[in-house]
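Undergrad: Here it is: the structure, laid out below.
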Amino acid sequence: MGRSGTDGVPIRVYLLSGRESARHTRRRLLEAQGMAVVGEAGSADEACAQILALRPDVAVLDSRLGDGTGGEVCLQVRSADPAITCVIVAGDRDARARREAVLAGACGCLPEQISGGDLGAAIGRAAAGELLFDPEDEEWALEGAIEEAVMRRGLDLSPQESRVLELLHRGLTNRQIAHEMAVAQKTAQTCVSSALAKLGRAHRTEPPQHVPRPAHRAGLRRPLLTP
């Protein structure tokens with residue numbers, strides 16, 4: 001898929017940025033590439049309702065807003081309608097925004113200084129259902145979220161317990177965790193119980209709520225790897 005959707009219908013895009021100049025520039029660049037900008041907003045509060053009403057193919061969301069973040073908007077939108085694809089725009093060194101984008105269910109995180117051509121190409125790929133993150137990004141984001149939760153609560157987790165939390169949040173069973181960690185199932189069960197106990201949970205059916213997990217990405221697929 002290039003600049004148009006199925007059967008040549010223009011890709012419908014929504015723009016969210018607290019900077020009016022950025023919205024204007026992106027609108028001009030995308031419309032010049034045959035895309036249809038169906039709406040825009042300068043605040044998170046205004047954008048959520050509009051995006052859900054307009055149902056664009058792709059919502060392009062700035063990471064930093066006066067009343068929230070693009071990741072928060074993405075999470076709210078995709079929780080209500082997983083068919084809407086969101087792309088976050090953030091600073092090159094904004095690791096927190098990139099992590100938040102992964103956990104919120106965005107399909108990618110683009111640099112603020114991206115060229116008009118590259119922005120259009122990325123939106124085209126997103127509209128086609130392609131996941132723009134590298135395969136390692138979800139694991140990196142979840143590891144960072146776990147580290148933040150541990151630091152925030154002053155927990156003393158062993159490397160094994162941290163790994164167990166990561167695998168739990170990926171939805172693995174005790175048997176699968178044992179396989180991933182190359183340990184006996186009984187050892188894995190012990191690690192699971194220990195890690196959950198430190199997070200104040202008695203059972204694995206009560207997942208630690210202090211650590212976010214990547215939101216569901218309905219309809220998104222990873223790009224084909226190229227040499």
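Throughout, read-outs are computed from the coordinates displayed, never taken from laboratory work. All values derive from a computational prediction rather than experimental measurement. In this analysis, Cβ positions are derived from the backbone assuming ideal geometry, glycine residues included, and neighbour counts consider all displayed protein chains.
Undergrad: Dipole of segment 6-127, Cα-centred, from +1 at each Lys and Arg C-beta and -1 at each Asp and Glu C-beta, to the nearest 20 debye? Walk me through the numbers before you get to the answer.
TA: Details: 14 positive and 16 negative charges, 45 e Å.
Taking the Cα centre of segment 6-127 as origin, the dipole is about 220 debye.
Undergrad: Sticking with this structure for a sec: Any chance you could run the full-extension gain for ALA53 through GLN160? It's 0.36 nm times the residue separation minus the Cα-Cα distance, nm to one decimal.
TA: Details: separation 107, 0.36 × 107 = 38.52 nm, distance 4.51 nm.
Gain in length upon complete extension: 34.0 nm.
Undergrad: Tell me, what are the semi-axes, in whole angstrom and largest first, of the equivalent ellipsoid of segment 6-127 as set by the roots of 5 times the Cα gyration tensor eigenvalues?
TA: Equivalent ellipsoid semi-axes, largest first: 19, 16, 14 Å.
Undergrad: Kindly state, to the nearest 0.05, the FRET efficiency for GLN176 paired with ALA197, given R0 = 30 Å and r defined as their beta-carbon distance.
TA: Working: r = 21 Å, r/R0 = 0.69.
According to the calculation, E is roughly 0.90.
Undergrad: Roughly what % antiparallel, to the nearest 5, for the DSSP beta bridges in segment 6-127?
TA: Details: 2 of 20 bridges.
DSSP beta bridges in segment 6-127 are roughly 10 percent antiparallel.
Undergrad: Evaluate E = 1/(1 + (r/R0)^6) for ALA80 and GLU20, where r is the Cβ-Cβ distance and R0 equals 22 Å; express this FRET efficiency to the nearest 0.05. Spell out each step's value before the answer.
TA: Working: r = 27 Å, r/R0 = 1.21.
Plugging the Cβ-Cβ distance into 1/(1 + (r/R0)^6) gives 0.25.
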